[in-house]
Amino acid sequence: MRLAAPRPFDVTLAPSGVTVVSHWAVPDPARQGEVADTVFAAWEAGPLPDGLLSADTFVSTTEKPQGEEKLSTEDSAVVVVSQWRAAEDYERFAAAAPEPPDIADVPRPEPVVHRLYRGTFRRDLPTSVPTQEPAGGADAEPGCIFIAEFEMADTESAQLWSDAVYDAMEEAVVRKGALPGWISSHHFLSLEGRRVFQYAQWASAAAHEEFLESDLRQDVLRRAGGLSKVKSALGQRYVHHAGLRRG
């Protein structure tokens with residue numbers, strides 16, 4: 001059974017499985033909805049593949065983060081995220097599934113398979129400082145979703161980058177009660193180890209921007225050894241477009 005999912009995917013669904021990410025670069029922002037609907041229709045048609053736990057589409061917003069060095073953006077994009085019970089389930093699906101849809105003037109991306117490496121929710125950290133919740137309370141959809149994709153020089157750099165982010169952010173929350181608008185952040189590493197997919201939730205775009213321009217962000221860069229090991233980076237703010245779950 002499939003269930004429509006009005007909220008973004010639950011990163012805890014596949015802790016030992018794989019998360020597959022496809023990044024569609026859309027030249028015309030007016031076509032984002034068309035591209036997202038076309039891609040998502042393939043998941044809605046027919047029975048759910050064995051082992052598929054969830055599938056979601058996200059569309060980028062017009063707000064571009066300003067405080068991130070060496071982080072490029074595109075005019076518009078659609079990101080598709082699917083979660084699978086095991087890598088073997090996705091491999092069987094990929095071998096037998098038809099090609100993704102051809103969409104005029106939109107290049108077809110190559111999916112990247114990841115595993116969850118590190119992540120946490122602010123609510124799970126041992127701090128007495130209250131969280132700035134999104135409108136509607138703790139169970140509401142976050143006011144800002146930030147998705148970034150990094151290609152690192154090697155696997156060690158990918159792990160160091162992820163560790164630096166979490167060590168600094170967790171210490172800031174637990175010891176100082178900082179980042180009141182931060183809700184959660186999770187890093188996924190590609191199977192070959194050099195690519196990082198970051199999925200972060202914030203109460204608002206303003207809270208996210210404040211972090212990017214803060215001393216804490218500089219502390220993250222210092223711990224990660226700077227940006228010398230970052231070969232490419234792409235990051236934007238997104239909104240959830242559509243999703244489904246296995247019931």
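Values in this text are rule-based calculations from the coordinates and carry no lab data. Remember, predicted model here, so these are calculated numbers, not experimental data. Cβ sites come from the backbone with ideal geometry, for glycine too, and all protein chains shown count toward neighbours.
Side notes on the structure shown:
- Anisotropy class of region 160-247 from Cα gyration tensor, a/c 1.5 cut: oblate
- Taken along the Cα-to-beta-carbon direction at a fixed 7 Å, the label points for R223 and A30 span 4.5 nm.
- Between C144 and W202, S204, the built amide H atoms are under 5 Å apart, and every one of these is 5 or more places off in sequence or on another chain.
- In sequence order, region 189-196 has phi-based couplings of 9, 5, 4, 7, x, 9, 9, 10 Hz under the Karplus curve 6.51 cos²θ - 1.76 cosθ + 1.60, θ = phi - 60°, and Gly or Pro positions carry x.
- Theoretical FRET efficiency, 1/(1+(r/R0)^6), r = Cβ-Cβ of A41 and A153, R0 35 Å, to 0.05: 0.40
- Karplus-based coupling profile of region 231-242, in residue order and whole Hz: 7, 7, 8, 9, x, 8, 8, 9, 10, 6, 9, 7, with θ = phi - 60° in 6.51 cos²θ - 1.76 cosθ + 1.60 and x standing for Gly or Pro.
- For region 43-52, putting each phi into the Karplus relation 6.51 cos²θ - 1.76 cosθ + 1.60 with θ = phi - 60° gives couplings of 6, 6, 7, x, x, 5, x, 4, x, 6 Hz, in residue order, rounded to whole numbers and with x for Gly and Pro.
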